[in-house]
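These notes concern the structure reproduced below.
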Amino acid sequence: MLTLASSVTVLQLLVSPEAIVADVPIATVAREVRALWAPYVEVVVAMPGTPLRPADHTVELRVADRLLAPGHPADGDRGSLGWIEFVNGDPQPVITVSPERARRMMASASYLGQSVRSLPAALVHRLTAMAVGRTIAHELGHYLLRSTAHASTGLMRAALRPQHMLEPASRFRLTADQIAALTLRLAPAVARTLPTEPPAVATTARASPPVW
């Protein structure tokens, strides 16, 4: 498996307070994101109220489970579990996920021959958190690659079925071309700075449609 050989890039995922959801264990979400990106980038998950650390990139994590207003970038794709907006071709440092959509997706899945609906609540919560973590990892791919493009396989595939969310982590890797593109994007390394507030999002331009 190809990995990045240069010095490690650090991406800080800043968890907003509303992103802490009782039935979607944030520890499982964070573990999944870190594991999927470990071959390429170090992801540090900053919980609300914890000190921030120097990082090359800082991305804020938000949730949106309410009905989306007409015209919202994700309104046209009711099946999206998560999205990131692009303005003038640049990815904005905010990822939004929908735990409610993740719950509904996983309720239609099977795990070890059983319907997820019939499993103990704690296991359902863990599987839902895995789906949310994989969604966040995918959106981080759009951010770091600075592209809305998708692949036919791996982490950046265009769409996932419920069963895909339960596949081994080895099925969620970047392709060789994506690794090459990421290497170019991350070099030379950006000077690490300690942010004092959540990253700002550009609002003066029209956002592109959501991805995934």
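The values are calculated or read from the model by the stated rules, or taken from the named source; none is laboratory data. Keep in mind it's a predicted model, so treat the numbers as computed, not measured. With ideal geometry, Cβ positions are generated from the backbone for all residues, glycine too; neighbour counts draw on all protein chains shown.
Pairs under 7 Å by beta carbon, first residue surrounded by 11 or more Cβ atoms within 10 Å (Cβ to Cβ) in region 106-120, partner in a strand (DSSP E or B), six or more apart or different chains?
Hits for this filter: VAL116/SER110; LEU119/TYR111.
I'd like the residue in region 158-169 that is touching a residue at least 12 places away in the same chain (Cβ under 8 Å) and more than 20 Å from ILE84 (Cα to Cα) and, out of all such residues, is surrounded by the fewest Cβ atoms within 10 Å (Cβ to Cβ).
That would be GLN163.
Of all residues in region 42-62, count the ones that are in contact (Cβ under 8 Å) with a residue 40 or more places away in the chain, touching a Ser or Thr at 6+ places or on another chain (Cβ under 8 Å) and over 21 Å from THR183 (Cβ atoms).
Matching residues across region 42-62 total 5.
What number of residues within region 78-105 are free of Cβ contacts under 8 Å to residues at least 40 places away in the same chain and surrounded by 14 or more Cβ atoms within 10 Å (Cβ to Cβ)?
Of the residues in that region, 5 qualify.
Just one of ALA69, ALA129, ALA102 is assigned to a helix (DSSP H, G or I), at pLDDT below 95 and either of a type in the set (A, V, I, L, M) or more than 19 Å from the chain's Cα centre (by Cα) (or both); which is it?
On the way: ALA69 fails: assigned to a helix (DSSP H, G or I); ALA129 fails: at pLDDT below 95.
Matching residue, one of ALA69, ALA129, ALA102: ALA102.
Mind counting the residues in region 1-15 that are more than 13 Å from LEU140 (Cα to Cα) and modelled with pLDDT of 95 or more?
So the count comes out to 1.
Mind listing whichever residues of region 38-58 are crowded, with 16+ Cβ neighbours inside 10 Å, in a loop (DSSP other than H, G, I, E, B) and hydroxyl-bearing (Ser, Thr, Tyr)?
Within region 38-58, just TYR40 meets the criteria.
Among (1) buried (at least 20 other Cβ atoms within 10 Å of the Cβ); (2) of a type outside the set (Lys, Arg); (3) modelled with pLDDT under 90, where does VAL190 come up short?
(1)
Residues to consider are ALA27, ALA35; find the one that is surrounded by fewer than 18 Cβ atoms within 10 Å (Cβ to Cβ), within 19 Å of LEU145 (Cα to Cα) and at pLDDT 95 or above.
Selected residue: ALA35, the only one of ALA27, ALA35 that is surrounded by fewer than 18 Cβ atoms within 10 Å (Cβ to Cβ), within 19 Å of LEU145 (Cα to Cα) and at pLDDT 95 or above.
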